[in-house]
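Structure record follows, encoded as structure tokens.
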Amino acid sequence: MKKTLQEIANIIDGRIVGDGTVEITGLDNIGGAGEHDLTFAVEPHIEEAKACKAAAVMLPEGIEDFPKTAIYVEDPRAAFAKLLTIFTPKLERAVAVSDKAHVGKDVTLGQNVTIMPFAVVDDHAVIGDNVVLYPHTYIGQYAEIGDDSVVYSNATVREHCRVGKRCVIHSSAVIGSDGFGFTTKDGVHTKVPQVGIVVLEDDVEIGAHDGIDRAAMGATVIGKGTKIDNLVHIGHNCKIGANCLIVAQTGISGSTTVGHNVTFGGQVGTVGHINIGANSVYAARSGIIGDMPEGVFCAGFPVQSHTEWLRMQAAMKRLPEMMKKMKQLEKKLAKYEG
């Protein structure tokens, strides 16, 4: 791929300052970009970008006196993402059902379906148009995969679960594993049958090695447009709202309801049977132990406002000094008491 800077600017509605005839052959980050590459920079990386080797840098509007050729756009991250889809060559694959795949009885296949070798589509499953199933995927009985969805190698969509349109399920994710439900009597754990399903609404992305548990009864639901990072666990009967972001190693316990546009940082954990309000952000390693309102920014364990948590962290750094002073005061007080 080779495009002039002017051609790129036309694609992303950018404004060039410098030589628009410069040819760009690749995209890379600030540290890796070479003399024919385009990179992007936002604060706090603007100063670093001034010394990079890239042919040009994409910047947000408002940056002044930049020494290199630049394209100014409203949102460099979004514009760069758009260019990545253009500069990255698409994978070639046959639109066909491999004779080395297993397709069970009474399976419904849409148009332009790709099922690669050693994939298994079990009886009565429904596969929509333009679906791609990579090798060693398993689609369970009566499961449904919506149009334009992709299921990568070794991922599993178990029986009766439903995947919406344009979903992406990455390698080794399991959709519809049994919920963690047991009764205990006399020290013996007895499994409670998990007879519900999982529903992924449209435009959901599930990361590698995620486990989304099927409901004990009813459905575990992942809302439209929600994106889930790798190594995340969603417990049975959870209801995750639309357009949430759930970062790696987060664990959401069963029967938790999460509103729309909620962001969980890495390693956030929740107890079960709580409601978490919409439009909220929880910093990495937050521990959520009760119902939470809408529109908050929280951190810590137990979870608290982010501002309060920062104050506590600052105070904790002073503890050794405070302990030293306290011991000195105790010694002085002991002399007076003596």
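Descriptive notes on the structure:
- Taking Lys and Arg as +1 and Asp and Glu as -1, the other residues whose beta-carbon sits under 14 Å from that of Val131 total -1.
- A full extension of the chain between Val42 and Thr25 corresponds to an added length of 3.9 nm, given 0.36 nm per residue minus the alpha carbon distance.
- Estimated vicinal HN-Hα couplings, Hz - the range 233-241 in sequence order (Karplus 6.51, -1.76, 1.60; Gly, Pro = x): 10, 10, x, 5, 6, 6, 10, 9, x
- With loop membership from DSSP and a limit of 14 other Cβ atoms within 10 Å, the longest segment of the chain without trypsin sites (Lys or Arg not before Pro) is 106-317.
- Among His170, His260, the sequence by solvent-accessible area, most first, with a 1.4 Å probe is His260, His170.
- The dipole here belongs to the chain: it is taken about the Cα centre, uses +1 on the Cβ of Lys and Arg and -1 on the Cβ of Asp and Glu, and is about 1520 debye.
- Computed magnitude of the charge dipole of the range 205-308 (debye, nearest 20; Cβ of K, R +1, Cβ of D, E -1): 140 debye
- Rounded accessible area of Phe301 (nearest 10 Å², 1.4 Å probe): 150 Å²
- Rounded to the nearest 10 Å², the accessible area of Cys298 at probe 1.4 Å: 10 Å²
- Per residue accessible area in Å² of the chain, where ligands, DNA and RNA are left out and the probe is 1.4 Å: 54 Å²
- Part-to-part distance (alpha-carbon centres) for the range 176-246 and the range 1-34, which is given in Å: 43 Å
- Distance from the Cα centroid of the range 91-165 to that of the range 267-319 is 40 Å (rounded to whole angstrom).
- Dipole of the chain, positive end: most advanced residue of Cys161, Gly272, Asn112 [Cβ charges, Cα centre]: Gly272
- Top positive-direction residue, dipole computed over the chain with Cβ charges, set Thr21, Gln304, Val73: Gln304
- Label zone (Leu91, point 7 Å along Cα-to-C-beta; backbone nitrogen cut-off 16 Å) within the range 108-137: 113-120, 130-137.
- Oblate is the label for the range 155-289. Its Cα gyration tensor axes, ordered a ≥ b ≥ c, give a/c of at least 1.5 and b/c at or above a/b.
- Where a label projected 7 Å from the Cα of Ser171 along Cα→Cβ would reach, residues of the range 200-226 with amide N under 16 Å: 206-210
- Divided by 2.2 N^0.38 Å, where N counts the residues, the Cα radius of gyration of the chain comes to 1.30.
- Modelled FRET efficiency - R0 51 Å, Arg311 with Gln6, Cβ distances, 0.05 increments: 0.50
- Between the amide H of Ile115 and those of Ala96, Val97, Ser98, Leu133, distances stay under 5 Å, these residues lying 5 or more places away or on another chain, with hydrogens modeled in the peptide plane.
- Partners of Lys191 within straight-line reach, counting lysines whose Cα lies under 29 Å from its Cα and excluding those fewer than 8 residues away in the same chain: Lys239.
- Toward the positive end of the charge dipole of the range 83-216, with +1 on the Cβ of Lys and Arg and -1 on the Cβ of Asp and Glu, the farthest Cα among Pro89, His170, Gly146 is that of His170.
- Here the range 95-143 exposes an accessible surface that is 50 percent carbon and sulfur, computed with a 1.4 Å probe and the other protein chains kept in place.
- Bridge type composition, the range 223-314 - antiparallel percent by DSSP, nearest 5: 10 percent
- Backbone geometry of the range 174-189 corresponds, through the Karplus equation with coefficients 6.51, -1.76 and 1.60 at θ = phi - 60°, to 3J(HN,Hα) couplings of 10, 9, x, 5, 4, x, 8, x, 9, 9, 10, 9, 6, x, 10, 8 Hz, x marking Gly and Pro.
- The label-point distance for His102 and Val271, in a model that sets each label 7 Å from Cα toward Cβ, rounds to 4.4 nm.
- Rounded to the nearest 20 debye, dipole of the range 55-124 from Cβ charges on Lys, Arg, Asp, Glu: 300 debye
- The candidates Met292, Met322, arranged from most to least accessible area with a 1.4 Å probe in the full protein assembly, appear as Met322, Met292.
- Projected label points at Arg318 and Lys50, each 7 Å from Cα along the beta carbon direction, are separated by 3.6 nanometres.
- In the context of the full protein assembly, His102 retains an accessible surface of approximately 100 Å², using a probe radius of 1.4 Å and ignoring ligands and nucleic acids.
- Mean separation of Cα contacts under 8 Å (6+ apart) over length of the chain, as relative contact order %: 6 percent
The values are calculated or read from the model by the stated rules, or taken from the named source; none is laboratory data. Bear in mind that the values here come from a model prediction, so they are computed numbers and not experimental data. When we count neighbours, we look across all protein chains shown, and the Cβ atoms used for this are built from the backbone with ideal geometry, even at glycine. Areas reflect the complete protein model, heavy atoms only, side chains present, ligands, DNA and RNA absent. Shrake-Rupley method; radii C 1.70, N 1.55, O 1.52, S 1.80 Å.
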